[in-house]
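Below: one structure, written as structure tokens.
Please treat every number below as a calculation from the coordinates, not as lab data. Note that the structure is predicted; figures quoted are calculated from it, not measured. Don't worry about glycine lacking a Cβ; one is built from the backbone with ideal geometry, like all the others, and counts go over all protein chains shown.
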């Protein structure tokens, strides 16, 4: 497993931004770098808020049929509606879970926010039950905070 080098990801995002990477490129880079940390990071999705919907703008890993999610729907929509990150250790026990595939066992959603304004989120699926602890959450939070400044 690769160490959770959030600072390295943020440095790479800043460098790409200085070289005129667009929003799509920054989001794609963040998804790829986080997924590159290895297990438990199976698939990483960047959803950005457009009105009352989260719209998938970049991902690394498995494709998802959920390219647009209404605020308040599923784990992703719940994160925005509640204004709080979501860590679901067992998706089969979450009544509001929207399944992307049959392999996902846990999910972590970390909001991208600039001050009180929610811009979007990083949504991570894992094939491992209870895949995300405090270290994984903190690392993804650092990347989300770095993105918030650049987007």
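The calculated FRET efficiency for the pair residue 11 and residue 117, based on their C-beta separation and a Förster distance of 35 Å, comes to about 0.90.
Here the contact order of segment 31-93, divided by its residue count and restricted to Cα pairs under 8 Å and six or more residues apart, works out to 21 percent. With the simple spin-label model, which puts each label point 7 Å out from Cα in the Cβ direction, the residue 149 to residue 90 separation comes to 4.0 nm. Relative contact order of segment 1-146, taken over Cα pairs closer than 8 Å and 6 or more residues apart, is 24 percent. Each of 76, 100 was scored by other Cβ atoms within 10 Å of its Cβ. Arranged with the fewest first, they read 100, 76.
For segment 1-58, what is the relative contact order in percent, using Cα pairs closer than 8 Å and at least 6 residues apart in sequence? Reported as a whole number, the value is 31 percent.
Each helix, a run of at least 4 DSSP H residues, gives -39500 (n - 2.57); summed and divided by the residues of the chain, these come to -11000 deg cm²/dmol at 222 nm. Mean silhouette area of segment 2-75, derived from the convex hull of its C-alpha atoms and averaged over all directions, reads 5.5 nm². Each residue in 43, 92 was given a count of other beta-carbon atoms within 10 angstrom of its own, and listing them fewest first yields 92, 43.
In the elastic network of the chain, a GNM with C-alpha springs shorter than 10 Å, the most mobile of 19, 96, 137 is 19.
Sort 150, 108 so that the residue with the fewest other Cβ atoms within 10 Å of its own Cβ comes first and the one with the most comes last.
In order of increasing Cβ crowding within 10 Å: 150, 108.
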